[in-house]
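Here is the structure we will look at, set down as structure tokens.
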Amino acid sequence: MQRAILILFLVLLGSGPLILSEFHITLLNYIGLSALVALGVVLLTGVGGLTSFGQAAFVGLGAYASAYLTTATDLPGWLTWAGGSPWIGLAAGLLLTAIVAWLLGALTLRLSGHYLPLGTIAWGISLYFLFGNLSFLGGHTGISGIPALALFGLELKSGRAFYYVIWVMLLAAVWITQNLLDSREGRAIRALKGGTVMAEAMGVDTARSKIIIFLIAALFAALSGWLYAHLQRFVNPTPFGLHIGIEYLFMAVVGGAGNVWGALLGAGLITILKQWLQDLLPKIFGASGNFEMIVFGMMMVLVLQRARDGIWPILARLVPPARGSRLVPQGDALPRNVMPQAGAGILDVRHVFKRFGGLVANNDMSFTVRAGEVMALIGPNGAGKSTMFDCISGVGSVSEGEIRFLGERIDHLTARAIARRGMSRTFQHVRLLPGMSVLENVAIGAHLRGTRGVLPAALHLERAEEQRLLAEAARQIERVGLKDSMFEQAGSLALGQQRTLEIARALAADPCLLLLDEPAAGLRYMEKQILADLLRKLKAEGMGILLVEHDMDFVMGLANRVVVMEFGEKIAEGLPDEVQRNPAVLEAYLGGVE
Ligand code: ADP
Ligand code: MG
């Protein structure tokens, strides 16, 4: 069904120039140009959660670079070879945009919360004024006499001829974006919105993913600008101002920023609506002015209130969902790490302190974990166990003390660097991507076991590796007993199963040390038995396991050694039997009642 609709859409699109009037061709051309920019916004804002108001400035960069190079008569000697050709103009525009976006991204992407959107407004305005004030760019008058594109010796002078160039490029961009999102790099990108802590703990370089989507969005915008310049054959700063940048964001939000097709829908709706309102409103008000902006503003409020995800999901619901592939991915096993020798010390925590202001959450904690053993960390709520996990895994910083993993000091390393060294963890408060399938969530755990980057992913040239990663994820899902839920959305699982998913995700990293924070909470009796069996098997394989758990039967049946914490301090350590009889432990646990 979905495929049929797509084919119908493409056929209609393809036959457009044969049947439509000049007016409608022009309209569709502008929709295509806007959709290209909005597609970047979908990737950046809708998927990646990074709000940008400044995309119009990148459109301007692409437009002006080519406009200047193809019209300038006073190019310096070393640059004359680059003059005159729109295609060299395109290359120059993309290169310039990449450099500018990279610099701006390096400066602004580290900003959090509201500061990033404010940053994008700032550079959006700066670039706009730069276009208007540089005399070699024609100031506010702009540049005219830009040559038409020529393809295979054919000059594309009319909008009708240009139509295919725009739409082929747009559809190629849609294809690339969709490919990218459906890949190892894409999972890292989709984790940016609400999952950075988890992703970093799985070894994902989230700063890199941010720069990547920022660059792609900027390049799509620049491409749109280049097309615009050679379609219009005239540029001035007006279409690259901040209010147009807001309009692009608006298109993505109204159309549906979570889906690539939302960009096309939003661009279509807004462009048509704008055209219509620009005709209608001045007649109603009896005066000229940009009244459509007022309507857009009200529409935005309405969409944000009534349909946060935009209009695309509402339309998509009308069509039965494609069942997609429900085949369990098969593939060769990935190479595995060599496990340390059983009994060898792998984790060494020495006199670690963690302070939150005046609160000492970890107070002089010391213990070790050996390969092939389960070390249980127990203690009442608030004792500091999860904080200890954060210190060890690099999710939080250590205030004082030393942590060694496989002989190397790691207390100053990032979570990502520690993950790379063979440690993996779960979270007490589950951290997963609820809208993604169980399979994809677990595949994030295998991130470090793949190497193919953005370009192969965008062209889907990394399918062999992707298949192996997914197959590995599927094996771990089967191992923890979640096989039946493999293709369900992670957010639809019961809480206990979500915890189990996290174990599969941690295992997909092929760790030699596994940190499990309350893995059995919310599990039923049988599920606990399955989990206990699994942990016993992992232990026998030589994995070291550090386990926080409240279910004492579960802990005592599994643990080789136990460390007991209270108020951030270690109050006892020993074999399960010893610890259970220790008066200090009984006091802490049962409040003195026996
Ligand atoms: P446990 O996992 O043993 O139940 P936690 O490690 O979660 O305990 O918490 C230990 C103490 O540290 C608690 O008093 C908690 O309120 C405090 N704490 C944990 N995280 C933070 C934080 N980010 N900021 C301030 N206090 C915190
Ligand atoms: Mg805890």
Legend entry - Output for region 492-520, where each listed residue is within 16 Å of ligand 1 (Cβ to nearest atom) and without any contact (Cβ under 8 Å) to a residue 60 or more places away in the chain: Ala520
Legend entry - Residue match in region 402-417 (condition: among the β-branched types (Val, Ile, Thr) and either within 13 Å of ligand 1 (Cβ to nearest atom) or more than 24 Å from the chain's Cα centre (by Cα) (or both)): yes
Inset, instruction - Would you confirm whether any residue within region 374-391 is more than 16 Å from ligand 1 (Cβ to nearest atom) and in contact (Cβ under 8 Å) with a residue 12 or more places away in the chain? - result: yes
Legend entry - Every residue from region 282-301 that is closer than 19 Å to Ala257 by Cβ, surrounded by 11 or more Cβ atoms within 10 Å (Cβ to Cβ) and free of Cβ contacts under 8 Å to residues at least 40 places away in the same chain: Gly297
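Rundown of residues vs (1) within 29 Å of Gly310 (Cα to Cα); (2) touching a Ser or Thr at 6+ places or on another chain (Cβ under 6 Å); (3) in a helix (DSSP H, G or I), yes/no style:
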position: Thr51; (1), (2), (3): yes, yes, no
position: Gly60; (1), (2), (3): yes, no, yes
position: Leu69; (1), (2), (3): no, no, yes
position: Leu75; (1), (2), (3): no, no, no
position: Trp78; (1), (2), (3): no, no, yes
position: Ala92; (1), (2), (3): no, no, yes
position: Ile99; (1), (2), (3): no, no, yes
position: Leu103; (1), (2), (3): no, no, yes
position: Leu111; (1), (2), (3): yes, no, no
Legend entry - Top-ranked residue in region 559-570 [being surrounded by 22 or more Cβ atoms within 10 Å (Cβ to Cβ) and outside any loop (DSSP other than H, G, I, E, B); ranked as nearest to ligand 1 (Cβ to nearest atom)]: Met565
Legend entry - Some residue of region 247-256 being among the aromatic types (Phe, Trp, Tyr), in contact (Cβ under 8 Å) with a residue 40 or more places away in the chain and assigned to a helix (DSSP H, G or I): yes
Inset, instruction - Determine whether Gly481 is out of contact with any helix residue (DSSP H, G or I) (no Cβ under 6 Å at 6 or more places or on another chain), farther than 27 Å from Gly345 by Cβ and more than 16 Å from ligand 2 (Cβ to nearest atom). - result: no
Inset, instruction - Among what's in region 540-564 and is more than 19 Å from Ile378 (Cα to Cα) and of a type outside the set (Asp, Glu), pick the residue that is nearest to the chain's Cα centre (by Cα). - result: Met543
Legend entry - Flag if Thr71 is in contact (Cβ under 8 Å) with a residue 24 or more places away in the chain, buried (at least 23 other Cβ atoms within 10 Å of the Cβ) and not aromatic (Phe, Trp, Tyr): no
Inset, instruction - May I ask you to say which residue of Ala172, Ala207 is under 25 Å from Gly124 (Cβ atoms), outside any loop (DSSP other than H, G, I, E, B) and either at pLDDT 95 or above or aliphatic (A, V, I, L, M) (or both)? - result: Ala207
Inset, instruction - Could you list, in sequence order, all residues of region 149-185 that are among the polar types (S, T, N, Q), within 38 Å of the chain's Cα centre (by Cα) and surrounded by fewer than 20 Cβ atoms within 10 Å (Cβ to Cβ)? - result: Gln178, Asn179
Inset, instruction - Specify the residue that is surrounded by the fewest Cβ atoms within 10 Å (Cβ to Cβ); the eligible residues are those in region 201-223 that are of a type in the set (Gly, Ala, Ser) and farther than 29 Å from Ile31 by Cβ. - result: Ala207
Inset, instruction - Find the residue count for region 412-467, including only residues that are on the phi > 0 side of the Ramachandran plot and surrounded by 19 or more Cβ atoms within 10 Å (Cβ to Cβ). - result: 1
Inset, instruction - Evaluate region 319-340: report whether one residue or more is within 16 Å of ligand 1 (Cβ to nearest atom), in contact with a strand residue (DSSP E or B) (Cβ under 9 Å, 6 or more places away or on another chain) and either more than 30 Å from Gly255 (Cβ to Cβ) or assigned to a loop (DSSP other than H, G, I, E, B) (or both). - result: no
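To keep it simple, each residue is scored yes or no on (1) polar (S, T, N, Q); (2) surrounded by 22 or more Cβ atoms within 10 Å (Cβ to Cβ); (3) modelled with pLDDT under 95.
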| residue | (1), (2), (3) |
| --- | --- |
| Gly194 | no, no, yes |
| Ala199 | no, yes, no |
| Gly225 | no, yes, no |
| Leu249 | no, yes, yes |
Inset, instruction - Taking Ile146 as meeting all but one of (1) surrounded by fewer than 18 Cβ atoms within 10 Å (Cβ to Cβ); (2) touching a residue at least 12 places away in the same chain (Cβ under 8 Å); (3) not in a helix (DSSP H, G or I), write down the number of the exception. - result: (1)
Inset, instruction - List the number of the failed condition for Leu513; all other conditions in (1) aliphatic (A, V, I, L, M); (2) over 32 Å from the mean Cα position of the chain (by Cα); (3) closer than 17 Å to Ser424 by Cα hold. - result: (2)
Legend entry - Residues (in contact (Cβ under 8 Å) with a residue 40 or more places away in the chain and hydrophobic (A, V, I, L, M, F, W, C)) located in region 270-281: Ile270, Ile272
Legend entry - Within region 504-531, considering residues that are within 22 Å of Ser393 (Cα to Cα) and within 16 Å of ligand 2 (Cβ to nearest atom), the one surrounded by the fewest Cβ atoms within 10 Å (Cβ to Cβ): Ala521
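The values are calculated or read from the model by the stated rules, or taken from the named source; none is laboratory data. Everything numeric in this text was worked out from a predicted model, so none of it was measured. Note: ideal-geometry Cβ built from the backbone for every residue, glycine included; neighbour counts use all protein chains shown.
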